[in-house]
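Asker: Here you go, one structure.
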Amino acid sequence: MALTSASRRSSGAGPVPDATPDDTDRVLLDVLLHDGRATLQELAAATGLSTSATSVRVRKLVERGVIAGFHARVDRAVLGRPVEALAQVQVRADADLTALEGALAGSAAVVSAWQVTGEYDYAVHLACRSLPDVEAELRHLRAQPGVLRTSAQLLLHRVPSWSGVA
């Protein structure tokens, strides 16, 4: 059985308190972080477990909320959105955050957004077709009620990052 589901979610109740992975779980997670489509046979070979025991372990990691889903890594440039930027958004203290978050969620250019600490209130990852599209997206963000200002940096080169399990 290949682990190819677009997304498998836990029951929605949140992580189970005993969700701390053991060493075998960490091996499974490391393999899955590098290849979410790894087969049970590949996972079993990495851990030394049988495929049946591996299947049970993976299922339990999903049920406990340790694995929140299986996702594809997409090349945004191939999809026609080669220009990426990180935008910061500062809002007034009385701003309607629900409305702002709705605007962020409704934008095709927004890859992800986080409410953050510090001088700015939100960090937003944008993927756009062109520099004028980045400018238009920033104007759209500044036009949202309660937004005081934005700042942005263009992403030039992705640095390989650590994606293992601690």
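The values are calculated or read from the model by the stated rules, or taken from the named source; none is laboratory data. Everything quoted here is computed from the prediction, not taken from an experiment. Positions of Cβ are backbone-derived with ideal geometry, glycine not excepted, and every protein chain shown enters the neighbour counts. The accessibility values were calculated without ligands, DNA or RNA, using every heavy atom of the protein model including side chains. Shrake-Rupley method; radii C 1.70, N 1.55, O 1.52, S 1.80 Å.
Asker: Collect the residues in region 114-126 that are over 12 Å from Leu141 (Cα atoms) and not polar (S, T, N, Q), keeping them in residue-number order.
Answerer: Answer for region 114-126, where residues must be over 12 Å from Leu141 (Cα atoms) and not polar (S, T, N, Q): Trp114, Val116, Gly118, Glu119, Tyr120, Asp121, His125.
Asker: Inside region 46-68, can you point out the residues that are in a helix (DSSP H, G or I), among the β-branched types (Val, Ile, Thr) and surrounded by 13 or more Cβ atoms within 10 Å (Cβ to Cβ)?
Answerer: Thr47, Thr51, Thr54, Val58, Val62 - these are the residues of region 46-68 that are in a helix (DSSP H, G or I), among the β-branched types (Val, Ile, Thr) and surrounded by 13 or more Cβ atoms within 10 Å (Cβ to Cβ).
Asker: Cβ contacts < 9 Å: first residue among the acidic types (Asp, Glu), restricted to region 47-75; second residue open to solvent by less than 60 Å² (accessible area, probe 1.4 Å), any location; separation 6+ or different chain. Result?
Answerer: Glu63/Ser10; Glu63/Val16
Asker: Go through region 124-149 and count every residue that is farther than 8 Å from Val83 by Cβ and of a type in the set (Val, Ile, Thr).
Answerer: Count: 2.
Asker: Before we move on, is Leu43 under 27 Å from Pro160 (Cβ atoms), at pLDDT 95 or above and part of a helix (DSSP H, G or I)?
Answerer: yes
Asker: Same structure, new question: Which of the strands (runs of 3 or more DSSP E) found entirely inside region 69-166 contain at least 1 residues meeting this: farther than 30 Å from Gly36 by Cα and open to solvent by less than 30 Å² (accessible area, probe 1.4 Å)?
Answerer: Qualifying strands (runs of 3 or more DSSP E): 83-91, 147-154.
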